[in-house]
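*Asks:* Mind having a look at this structure? Questions to follow.
Each reported figure results from applying straightforward, stated rules to the coordinates on display, with no laboratory input. What you see is a predicted model; the values in this text were computed from it and never measured. Cβ sites come from the backbone with ideal geometry, for glycine too, and all protein chains shown count toward neighbours.
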Amino acid sequence: MKVILKENVDNLGYVGDVVDVSRGYARNYLLARGLAMEHNSGNLKAIEHLKQKEWEKRNREILSAKELAEKISKITLTFEVKAGKDGKLFGSVTNKDIANVLAEKHQIEIDRKKIEHNEPLKKIGNFQVSVRLHKEVDAPLNVQVVPEKEVEKEEVKETETEKKPLKKGSADNTEE
């Protein structure tokens, strides 16, 4: 039985493909789940229309992803972190940190899972991470990790006064 696929089906085909399958598989699985429709001229025209709309939608997504990639490639994020004398960080700069700074400072919402880097950011230096915006569009993002500036510790001298225990029947702690 010939059917036209409405959705991508693993090991069978993609949207709009005309495939020949057994009657039972078509009736009990593909047609029942709405993954395919019967092959006839009316359905063939309808699926061509759906393919055209899907193609236009995909092109719009790619175009907007490329525009966003251009913005992201011009950005350099700077992280001030605590580091040891040899340049190793106490902790690391994570994908979540990068996504939060992009959202707060640049108003670009990116899922942290789409940020990819080859090595963990556990050293001081300049790094380039990749942001996957679409299946076909990646954007390079520059990340600069610098040590936290040594802040002069101002010592606040606190005068410690010893509190004397309150005497019974007395409202204040002063001796007369």
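*Asks:* Which of the peptides 54-61, 126-133 is most tightly packed, and how do the rest follow, judged by the mean count of other Cβ atoms within 10 Å per residue?
*Replies:* 126-133, 54-61
*Asks:* Taking the Cα-to-Cβ direction at residue 18 and at residue 31 and moving 7 Å from each Cα, how far apart do the two end points lie in nm?
*Replies:* About 1.8 nm separates the two model spin labels.
*Asks:* Ok, one more. Mind listing which GluC sites (Glu not before Pro) in region 103-137 are in a DSSP loop and have 12 or fewer other Cβ atoms within 10 Å?
*Replies:* Sparse-neighbourhood loop GluC sites (Glu not before Pro): 109, 136.
*Asks:* Over all distinct alpha-carbon pairs, what is the Kirkwood Rh of region 59-106 in angstrom?
*Replies:* 13.0 Å
*Asks:* To continue, here is another question. Please compute the modelled spin-label separation between residue 53 and residue 1, points set 7 Å along Cα→Cβ, answer in nm with one decimal.
*Replies:* 2.5 nm
*Asks:* For region 1-89, max minus min Cα coordinate along each principal axis, in Å, sorted largest first?
*Replies:* Computed over region 1-89, the largest-to-smallest principal extents equal 71, 27, 16 Å.
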